[in-house]
Each structure stands twice: as structure tokens, then as C-alpha cells.
Amino acid sequence: MRELPPPNYEYEISKLVNTYKQAMLDIQRELQRIDLNDFQQATANATLKSIADILAQLDETTSAWIQTNVPVAVNDGIVRSIIALELVNTVAEAENIVKFSRLNSDLVKAVVADTQDDLLQVTQNVNRRVRTTIRQVTAEVLRANTTKGINGTSALTSDLVANLRKQLGSAVETGIIDASRRRWKPEVYAEMVVRTKMLQAHKEATINDGISRGANYGVISSHGAKDACRNWEGKIVKLTPAAEGDYPYIGDLPNREIFHPNCLHVVSPVKRPDRV
Ligand SMILES: [Zn+2]
């Protein structure tokens, strides 16, 4: 068996992450520009509009990124299978015979749709939080201005302004709160989602291709992992539960140990596990 080095999508991922970082900075700048001492409803509306535009642009960039990169991961997964099964000798030759089977075309569609859904949730949450925060701040400022009319001094003290500024500042800090109540910054969550989906697409494409060529087993990749995954590096697994032999099925491996979020492990197919 010939095993390619694990895939590395970090450069492309970092480009997307930078887009998220920049968008969040741009939103923060819009929020900080609001003049609380001379606050107008029209200003708040204009700010909301600018922020919605920034988020729409981010969704567009994200969507294009996903549609470009997921097929690359699937392609690479197929190449991994072709090389492991020694159908050809070089990656260049493998690239030439890559064909997206029905299964792998469906895989691309499913992963693209899943990733889009996950990341749309982030921008929708940010949009909702920004709207809520601006509404709360508007209410507080208007209340303070009303009080001023009654006793002649502004209730919009520097303390209140500082407090409102803080609320505005933290409006973009959380992109997602997950099932375990963990808060994720938008860019950190986006990074985790795309890395996980790219590696998942790669792995599943390899499995589809391996099985279609009669390889029902696989070897888990090794890169000297420090986490629980290290116990699985180099281990043989079944690629389909129907395969014979005393090997665990890849789909049954506990996510706490391997193929967890941000996991970089993939698999290379083999036909004869007893010869590995
Ligand atoms: Zn791992």
C-alpha cells in the first residue's frame, strides 16, 4: 500500500478565516461610529443597513469558497484511494483518471449544502445580536433623553455611554453557542466548520472510491497526533460494516477519539488487511 501524506487545506482555510475576521472588524467599526450623544433613529437604521450588507457579502464569499473547495477535497480523497490501491504511480497520473462517481457527486452536493447551512447560521446569529443590541441601546438613549427634559440635566452620563459602547462592542463576539453551551467567536467557528467538513469530504470520497474498487478496509493516517486520535493512527478499519474480519467499522469509531471537530485524520483503502 502507498500512502499519500495527509491533506493540508490550511492555506485556503486561513483565507476564509481572514474574511470572517475582517467582516467582524468592519461591523465593530460601524457600531463604534454611532454617536450616542447625538443619537438619531435614522443613524441606527443606516448602521443596520451597512452591517446587513457586510454580512451578505460575507455569505457570498463563503458560498463561493465552499463551492470551490469541497470538490477539491473530494478529488483529493479519490486520488488518495487510487494511489493507495496502486492503480498508477504518481499523483499526476491519478488526477487524470479521477472520475466523480454518482456517490461522490452526491457527496459534494451534501457537504456543500451542510457547510452552507452551518455558516449561514453564524451570519444570521450575528445579524440578530446586532439588531437586538442596537434596539436596546436606542431604547436606553431615548429614555435618558426623556429624563433630561424632566430635570434639566442629561441622564446620558459617561458611565451609561461607556456601558452602551461595551454592549455594542460585544455584539459580534459570539457567532454560535453550541449544544454544550460553549460560545464560539464567528471566525473560530467558521474555521472549525470548514476544516472539519473538508476532511470529512476527503475521507468519505476515499471510502466511496475504495469500496467501488473492491477495497473494503482502510488504514488510518498518521501525523503524530497528540490527542486521543493517536491511538488510532496506522490502525486497520473496515470501510463497510459488511466486510469480514475482526476490525472496527470506521463509521462506529467514537467521535471523542477520532474524526472529532477539527480532526485532520483520513484513511487509505486496502484490499488485503492481512498484508498491511
Ligand atoms: Zn484526529
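Could you grab me the full set of residues in the range 254-276 that are among the basic types (Lys, Arg) and modelled with pLDDT under 95? Step through it out loud before you land on a result.
Taking the range 254-276 first, the residues among the basic types (Lys, Arg) are 256, 271-272, 275.
Arg256, Arg272, Arg275 - these are the residues of the range 254-276 that are among the basic types (Lys, Arg) and modelled with pLDDT under 95.
Give just the number: which of (1) within 27 Å of Arg128 (Cβ to Cβ); (2) open to solvent by less than 30 Å² (accessible area, probe 1.4 Å); (3) part of a helix (DSSP H, G or I); (4) of a type in the set (A, V, I, L, M, F, W, C) does Val74 not satisfy?
The failed condition is (1).
With the structure loaded, tell me whether Tyr11 is in contact (Cβ under 8 Å) with a residue 12 or more places away in the chain, in a helix (DSSP H, G or I) and within 16 Å of the chain's Cα centre (by Cα) or whether it fails that test.
Criteria not met by Tyr11.
Determine whether the range 32-41 contains at least one residue that is buried (at least 16 other Cβ atoms within 10 Å of the Cβ) and part of a helix (DSSP H, G or I).
The answer is yes, given that some residue of the range 32-41 is buried (at least 16 other Cβ atoms within 10 Å of the Cβ) and part of a helix (DSSP H, G or I).
Please give the number of the condition Ala171 fails out of (1) open to solvent by 10 Å² or more (accessible area, probe 1.4 Å); (2) more than 16 Å from the ligand (Cβ to nearest atom); (3) not basic (Lys, Arg).
(1)
Anything in the range 81-130 that is open to solvent by 20 Å² or more (accessible area, probe 1.4 Å), touching a strand residue (DSSP E or B) at 6+ places or on another chain (Cβ under 9 Å) and part of a helix (DSSP H, G or I)? List them, or say none. Step through it out loud before you land on a result.
Quick first cut of the range 81-130, residues open to solvent by 20 Å² or more (accessible area, probe 1.4 Å) only: 85-93, 95-103, 105-106, 108-110, 112-114, 116-118, 120-121, 124-125, 127-129.
Filter again for touching a strand residue (DSSP E or B) at 6+ places or on another chain (Cβ under 9 Å), leaving 85, 118, 121, 125.
Within the range 81-130, Asp118, Gln121, Asn125 meet the criteria.
In the range 248-260, what count of residues is obtained for those that are farther than 12 Å from Ile220 by Cα and surrounded by 14 or more Cβ atoms within 10 Å (Cβ to Cβ)?
The total comes to 2.
Please verify whether Glu173 is among the acidic types (Asp, Glu) and part of a loop (DSSP other than H, G, I, E, B), treating the condition exactly as stated.
In short, yes.
Tell me which residues, restricted to the range 204-233, are open to solvent by 30 Å² or more (accessible area, probe 1.4 Å) and among the charged types (D, E, K, R). Outline the logic, then answer.
Taking the range 204-233 as the starting set, the residues that turn out to be open to solvent by 30 Å² or more (accessible area, probe 1.4 Å) are 204, 208, 211-214, 216, 222-224, 226-228, 230-233.
The answer is Glu204, Arg213, Lys226, Asp227, Arg230, Glu233.
Any idea how many residues of the range 131-143 are crowded, with 17+ Cβ neighbours inside 10 Å and among the aliphatic types (A, V, I, L, M)?
Looking only at the range 131-143, we keep the residues that are crowded, with 17+ Cβ neighbours inside 10 Å, and these are 133-134, 137-138, 140-141.
With among the aliphatic types (A, V, I, L, M) added as a condition, the list becomes 134, 137, 141.
Selection size over the range 131-143: 3.
Quick check: is even one residue across the range 4-11 more than 25 Å from Val111 (Cβ to Cβ) and touching a helix residue (DSSP H, G or I) at 6+ places or on another chain (Cβ under 8 Å)?
No, because not a single residue in the range 4-11 is more than 25 Å from Val111 (Cβ to Cβ) and touching a helix residue (DSSP H, G or I) at 6+ places or on another chain (Cβ under 8 Å).
Which residues, taken from the range 88-105, are hydrophobic (A, V, I, L, M, F, W, C) and without any contact (Cβ under 8 Å) to a residue 40 or more places away in the chain?
Val88, Ala92, Ala94, Ile97, Val98, Phe100
The values are calculated or read from the model by the stated rules, or taken from the named source; none is laboratory data. All of these numbers come straight from a predicted model, not from anything done at the bench. Heads up, the Cβs are rebuilt from the backbone with ideal geometry, glycines too, and the neighbour counts pull from every protein chain shown. Just so you know, the surface numbers come from the protein's heavy atoms only, side chains and all, with ligands and any DNA or RNA stripped out. Shrake-Rupley method; radii C 1.70, N 1.55, O 1.52, S 1.80 Å.
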